[in-house]
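Please treat every number below as a calculation from the coordinates, not as lab data. Keep in mind it's a predicted model, so treat the numbers as computed, not measured. Neighbour counts run over all protein chains shown; Cβ positions are idealised from the backbone, glycine included.
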Amino acid sequence: MTGVFCFTGSGHSLRIGEYIAERLGSRVCMIGTKAPTDSAACETAVVVFPVYCQNIPEPVKRFLTNLKAENIVLIASYGKISWGNVLAEAEKLVNGSVIAGACIPIGHTFLNGSADFDKAALEPLFERIESPREAKIPVKRKNIFADFLPAWRSRVSVKIIRADSCTLCDLCGRSCPMSAIKNGITNEKCIRCLRCVSICPQKALSFENSVILQRYLTKKRAEKAVELFL
Ligand SMILES: Cc1cc2nc3c(=O)[nH]c(=O)nc-3n(C[C@H](O)[C@H](O)[C@H](O)COP(=O)(O)O)c2cc1C
Ligand code: SF4
Ligand code: SF4
């Protein structure tokens, strides 16, 4: 059996996970919710996660360390800036054999980017899942500052603002993967995944990028394409 496991903040990785699950006749199990995510029954696990500050989000690291599957497919979504070295770092955390890796450029959460991605480019992944064999995952050099307090860098660069329309329902608190918000007020555990902003039924939460971050995000860069490692 193939299971699809997904962590998502603003829903982009979930969109990819849902597409893959549909193609495989499977369904998505969410990582980073209050219910434990059990992979024990899976022969093949497809793990879809976003790149945050060129790193693997903490809840995904925990999931990968406990993952029980013979074959593993690692899929990272990233906002067209850099995916750091996340595939090789994820490969180090897991126990099973990594049979494929993919890095998928998609809209950046902090720019309210689109969740569209190149589906056609993923075709070879499905063939590899049918006939599994070990993949060659590259080791990439990442920015020398990438490992310097990534979550803190996001917190100081992105402000989360609560409007008066908040009804104190604490749905944000119950949905947060880091136990980092209560009734719309965040604490120092926040990784700025912006799941709370996406799910608030009152649209009471919004975010604001610092001027420096906005300038960095909107810098002109080369076009990016899906990269597959088989
Ligand atoms: C906290 C945070 C940090 C991010 N860091 C990076 C990054 O280092 N490089 C990049 O290309 N995109 C980065 N992004 C963009 C996300 O990787 C991208 O939008 C991803 O698709 C978000 O997926 P999600 O909606 O499933 O969380 C970051 C987004 C967030 C929220
Ligand atoms: S989910 Fe929205 S309305 Fe509910 S407590 Fe959080 S911010 Fe307030
Ligand atoms: S409080 Fe922070 S970590 Fe929790 S959902 Fe919101 S942005 Fe993500």
Considering segment 122-181 alone, what residues qualify as being surrounded by fewer than 14 Cβ atoms within 10 Å (Cβ to Cβ), within 12 Å of ligand 3 (Cβ to nearest atom) and free of Cβ contacts under 8 Å to residues at least 12 places away in the same chain? SER179
Taking PHE49 and the conditions (1) within 16 Å of ligand 3 (Cβ to nearest atom); (2) aromatic (Phe, Trp, Tyr); (3) closer than 17 Å to PRO177 by Cα; (4) more than 10 Å from the chain's Cα centre (by Cα), which numbered condition does it fall short on, given that it satisfies the others? (4)
Tell me which residues, restricted to segment 84-95, are in contact with a strand residue (DSSP E or B) (Cβ under 7 Å, 6 or more places away or on another chain) and without any contact (Cβ under 8 Å) to a residue 60 or more places away in the chain. VAL86, ALA90, GLU91, VAL94
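Right, ASP147: over 21 Å from ILE106 (Cα atoms), touching a strand residue (DSSP E or B) at 6+ places or on another chain (Cβ under 8 Å), among the acidic types (Asp, Glu) and within 16 Å of ligand 2 (Cβ to nearest atom) or not?
On the way: over 21 Å from ILE106 (Cα atoms): yes; touching a strand residue (DSSP E or B) at 6+ places or on another chain (Cβ under 8 Å): yes; among the acidic types (Asp, Glu): yes; within 16 Å of ligand 2 (Cβ to nearest atom): no.
So ASP147 fails the test.
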Just checking, does segment 186-201 include any residue being of a type outside the set (S, T, N, Q), more than 22 Å from GLY32 (Cα to Cα) and surrounded by 15 or more Cβ atoms within 10 Å (Cβ to Cβ)? no
Here, strands (runs of 3 or more DSSP E) confined to segment 127-230 with at least 1 residues that are closer than 22 Å to LEU74 by Cβ are 227-229
Residues that are in contact with a helix residue (DSSP H, G or I) (Cβ under 9 Å, 6 or more places away or on another chain), within 24 Å of GLY11 (Cβ to Cβ) and among the aliphatic types (A, V, I, L, M), drawn from segment 94-127: ALA100, ALA102, ILE104, ILE106, LEU111, ALA115, LEU122, LEU125
Checking CYS29 against (1) touching a residue at least 60 places away in the same chain (Cβ under 8 Å); (2) at negative phi, which single condition isn't satisfied? (1)
Can you pull out the residues in segment 128-161 that are touching a helix residue (DSSP H, G or I) at 6+ places or on another chain (Cβ under 9 Å) and away from ligand 1 (no atom under 16 Å from the Cβ)? ILE129, ALA135, ILE137, PRO138, VAL139
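Is it fair to say ALA225 is surrounded by fewer than 16 Cβ atoms within 10 Å (Cβ to Cβ), within 21 Å of SER13 (Cα to Cα), of a type in the set (A, V, I, L, M, F, W, C) and more than 8 Å from ligand 3 (Cβ to nearest atom)?
Against the criterion (surrounded by fewer than 16 Cβ atoms within 10 Å (Cβ to Cβ), within 21 Å of SER13 (Cα to Cα), of a type in the set (A, V, I, L, M, F, W, C) and more than 8 Å from ligand 3 (Cβ to nearest atom)), ALA225 qualifies.
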